[in-house]
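Data first, discussion second: the structure below is written as structure tokens.
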Amino acid sequence: MSNTDWVKVKIFRYDPSRDKKPRYEAYKVPFFDGMRVLDTILYVTDYLGKDISFRWSCGSGRCGTCAVMVNGEPKLACWEPAEREMIIEPLPYFPILKDLVIDRSSYDRSVLEMKPFLQRAVPLDKFPEDLKHDDNIAIIDKLGECIHCLSCLSACPILRKAPLWVGPSGLVALAKYSTHPGDKGDKPRIAYSEGEIYNCTVCNRCKEVCPKEIAVPDIAIERVRALCVERGCISPTIGNALEGVYKYGNPWGLSPTKRSDWAEDLKVKYVSEDESTELLYFVGCAASYDPRAQKTARAMVYSLNTLGIDFSILGNEEICCGNEVSLLGEKGLFEELTVKNLAIFDRYDVKNIVTTSPHCFNAFSNRYKRKLQVKHYTQYFGDLIDSRKLNFLSEIRKVVTYQDPCFLGRHNNLYDDPRKIINSIPGVRFVELSESRERSVCCEGGGGRMWYDVQGESLSEARVREAVDLGANKLAVACPFCLLTLDDAVKTTNNEGIIQVVDILELLAQALTKHHYSSET
Amino acid sequence: MIEKVTETDVLIIGGGVAGTYAALEAIRHGAQVLLITKGLLGKSCCSVEAQMFLCPPQYTPPDNLEKHLKQRVSSYGGYVINQENERNALISASEFMHQLEELGLYWRRYPDGEFVRMERNTIASKHGDTGKNIIEILASEFQRKKIPLLEDTAATRLLTKGRSIIGAMAINYASGEIIALRAKSVIIAAGPGGWLWTYSTAPQSITGDGLIMAYRAGAELTNIEFNLWHMSDHVRVPGRKLSRASFRQNIGPSLTPRDDKSMWAPVWLDSKGRRFMEEWEKSLGGLKHEQAMAVISQIRKGKATKTSGIYASLKHVSAEDLEKYLSLWPWLKKIGIDTTKDLLEVGMCAHWMIGGIEVSTKFETTLPGLYAAGGVTSGATSLAECLYSGRTAARHASEFAKTTESLPLDRQQIMEEKERILSFLQMEPRNGFSPAQIKRRIREIMWEKMHYLKNEKNMKQALHMLHQVRKDVVPRMRLESDTKRFNYAHVEALDVMNMLDLAELIVKISLIRKESRKQFQREDYPETDNKNWLKNIVVKNEEGHMKIDLKPVRLSYVKPDED
């Protein structure tokens, strides 16, 4: 048979009661079209006669017991196609019973703590219950599709630092009954305490790997957080951030009159009611107030000016886009922000928007009731590269790697533009982090996590270490939250002087000038 | 020595809907319960794969109880099943719906609030996921009530005192512990034996353990020659080879509801693209004998095989409706089926066993102290019947436990069984066969020789082949490791013995019935013979000998139409 007719599979073998360490056994299995991961494993057991301990039952995506790691990615074996070369391992974070079988009892116990059942105040005396197939019930129904296969837990970055967390599917179980008309339980409190719902960075990794395509962040996390806000089950630091947005238009509670201080010495136009705004640069809270992130805003202005592009900013009239407010479940405040922002855009007849932050970009493109013409700056400059309008004047002789922001990548499927910009800069040697694009690891800055800490080594620190190991001099980002968290991680891992976290905007500004670019210019 | 003896009032073997519901009912009656399950609670059972629920008569026209009963009793086994139990389950269905809704189960409604029904006789929490939704709720209730549970624990033998059942032996294969369990009464809810056939809708653990354990202990089994088949599972895109442990999805032909409460009926096509069972297309689920025979006739004409050549078309069904109402939609997307263009090639497979352990209306078996519920019993075994039998068995098993003394276990029996279990924990001969390989062989024999359409020659060949496996292959059965830690192959070795015994028993009983009756079809006796064969074949083990009884069927409510 030719080479293509085989699946080469390496299976993790380990008997903790006898083996000092795990080993991998290699098998060749004949391939057939439509073959699944499960079929591969069963060939090894049923035909080759190898007693591989492997848990599976229904074989049709309903029992959720057959998930394994395939080439580092969690896969429900009965659901996913076999690949021509596979390394099959047990799911991480759980004790291994033998070979591919994990002990999931700790998970079952923590899910039970989520009270994943309907807590009625009074018995249902009337049947049928007065229910219609409305949006709420449809979501409850969708949440009910979860089979607790643990794929999401295995992919969730937070489990890396908090392996005992109940994780996405645990919160799905809680969320399922949380908005049931008959539920009179204390689910918001449980979500906040035992469920540690603010651990979630809303990075969308769980949704990416869910065999049932459950949009966990949207229909579980955000919905339950909304109940948490209603019942006051939020951490004080998150409360402060929300209050800051409410009172001052930014989560740090800084003075709105200082919002555009960063641009004082720059050549920049402010919106005016006298003319329409062809291109609005929406700076965002982080790039407006944080001294480090301000440099990206300055690089943006520099780049746009260098290219002779006409644009305006809102100055001190700019307020929070509301993305994180919405993710934190403060729906009322988010609503208010959308109304205010849309009114501002109307007042200045804004035609197009470009943002620094993927979070603002996400809010404007997906969460506002009205369709806005909005681009993230990587899309904007990516388009200019396509139309050959960028003229790079200097080289950057550096090894550069890139952290995909969740709200650009997994939330909006934008992976190529940032890479296009980096790769087009003369002199740059681009290297990929081992987990990139769809598998990128969140920096822990999203979903409100800028204002809420989870104990343990930060994921950003691991990212920085990997970037250093890759030999990168620069870790490029396209999001102010990534910039701040990774920048911190460079310091806490003592890698200052070895690697530098830069926003792609800063690389761009440098490459567009013949001289040394400085954010002070 | 036995590492552990555990005592309880009611021991429940099996963690599906019947077993879990029985446990909840038994504790309501004040009994102390221990449930053991071969895999994980609610995950290693057939229930998780069940798609629909019996529609209670209340939600169908007023005359429906008798009609529905007649339809079920005639369709499943052609009047051989226990009508009292069937009727009681139908009547109780609405109670279960109410109770499950109280626990949070959502029965699928149309936008105006009315229940979505498929045809007139079934209703769904979610078409395709109804069983999964029900068992999840029951398992969560079970856990919430902190009922003692042993998972990854396979029961291997019932323990007796005279004819009475006083406990069971089991192996927890996660730890390797062999356990003796002492109980005042035992409920077997271990499911049927679907895994006896290569293509089956059953989960891999459903190897007939409960049936054969009960048989070995002396309980009567009835109707085990009757097995329901499913016409439309194991779907694939034409041109792709059939997946071995192929994906079961009741794609249909299966009716798809629409917002206006009408139904999309799929279309069955032969290999030439012609409709060949038009009159049965609108029949639910592809379970009907008439549908099977239409498929079989295609196979006999050489136009189809057991696994190919039959197609379902959903081209006329709107993708929105499929997405809205059917749980199979993500799977169709996953394997890249565009239902507006692609045909689905479907295959027949073994579904549930109509026969099983003989039970009374109290779900007592013929052995004192032993009760049975769910797919392991004789009779149709849909979700409502699992709930009904689980509840009934639990009530009576709890009552029985109240009036019974816990009897000391027989050391001899325990030692024998322990020795038997440990005898499989061996790695010689090195070039022997793994249990999984032998299980595959047994399933292939049953698939080839004991398919829907049987004849004496094939059945005798099946017996011969099974005998050869027992004689030549089983002595060479060996494990890769004799570790006690999650050595699932060790349990599979026990499965091999269960499957062999049960398969032989099924073939032997099938040879006895010399007629064709609904899901029991013989080429050599193609006619239904109500005069001589309106009978139950009842089999029991009497001191190692198979004792057969032919008992006239009790036609308590409905009877066959006069021909």
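Where a number appears in this text, it was derived from the coordinates with a stated rule and is not lab data. Here the structure is a predicted model, which means the values were calculated and not measured. Methodologically, a virtual Cβ is constructed for each residue, glycine included, from the backbone with ideal geometry; neighbour enumeration extends over all protein chains shown.
See the values below:
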{"item": "Cα-based shape type of the range B:1-113, given that a ≥ b ≥ c are square roots of the gyration tensor eigenvalues and the cut on a/c is 1.5", "result": "prolate"}
{"item": "Within straight-line cross-link reach of residue B:161, lysines at Cα separation under 27 Å, skipping those fewer than 8 residues along the same chain", "result": "B:4, B:38, B:184, B:362, B:402, B:418, B:540, B:547"}
{"item": "Interchain or long-range residues, amide H under 5 Å from residue B:267's placed H", "result": "B:313"}
{"item": "Filtered trypsin sites (Lys or Arg not before Pro), the range A:229-274: DSSP coil and at most 13 other beta carbons within 10 Å", "result": "A:267"}
{"item": "Pair residue A:366, residue B:554: separation of 7 Å Cα→Cβ label points (nm)", "result": "6.1 nm"}
{"item": "Residue A:184-residue B:272 FRET efficiency (beta carbon distance; Förster radius 56 Å; 0.05 resolution)", "result": "0.40"}
{"item": "Computed FRET value (nearest 0.05) for residue B:415 with residue B:91, which takes r as the C-beta separation and R₀ as 45 Å", "result": "0.45"}
{"item": "Partner chain coverage, peptide A:211-218 - average Cβ within 10 angstrom", "result": "1"}
{"item": "Kirkwood estimate for the protein assembly as shown, i.e. one over the average of 1/r between Cα atoms, Å", "result": "31.5 Å"}
{"item": "DSSP beta bridge pairing in chain A, given as percent antiparallel to the nearest 5", "result": "45 percent"}
{"item": "Average beta carbon contacts from partner chains per residue of B:39-46, 10 Å cutoff", "result": "5"}
{"item": "Environment charge at residue A:489 (Cβ cut-off 12 Å; Lys +1, Arg +1, Asp -1, Glu -1)", "result": "-4"}
{"item": "Which listed pairs, of A:398/A:420; B:334/B:449; A:420/B:341, have C-alpha distances above 27 Å, in listed order", "result": "B:334/B:449; A:420/B:341"}
{"item": "Within 10 Å of each Cβ in A:103-114, the average number of Cβ atoms from other chains", "result": "2"}
{"item": "Gyration tensor (alpha-carbon) shape descriptor, chain A, a/c threshold 1.5", "result": "oblate"}
{"item": "Coil-residue GluC sites (Glu not before Pro) of the range B:1-82, DSSP, other Cβ within 10 Å capped at 13", "result": "B:3"}
{"item": "Separation of alpha-carbon centers, the range A:450-513 and the range A:319-369, rounded to whole Å", "result": "27 Å"}
{"item": "Three-way shape label, the range A:214-301, alpha-carbon gyration tensor, a/c 1.5", "result": "prolate"}
{"item": "Inter-label distance, nm, simple model (7 Å from Cα along the C-beta direction), residue A:264/residue A:125", "result": "7.1 nm"}
{"item": "Distance-filtered residues of the range A:313-356 - backbone nitrogen under 12 Å, label point 7 angstrom along residue A:307 Cα→Cβ", "result": "A:354-355"}
{"item": "Trypsin sites (Lys or Arg not before Pro) within the range A:1-68: DSSP coil, no more than 12 neighbouring Cβ in 10 Å", "result": "A:18, A:20"}
{"item": "At least 20 Å along the helix axis (C-alpha) and Kyte average at least -0.5, DSSP helices within chain B", "result": "B:130-144, B:383-402, B:488-512"}
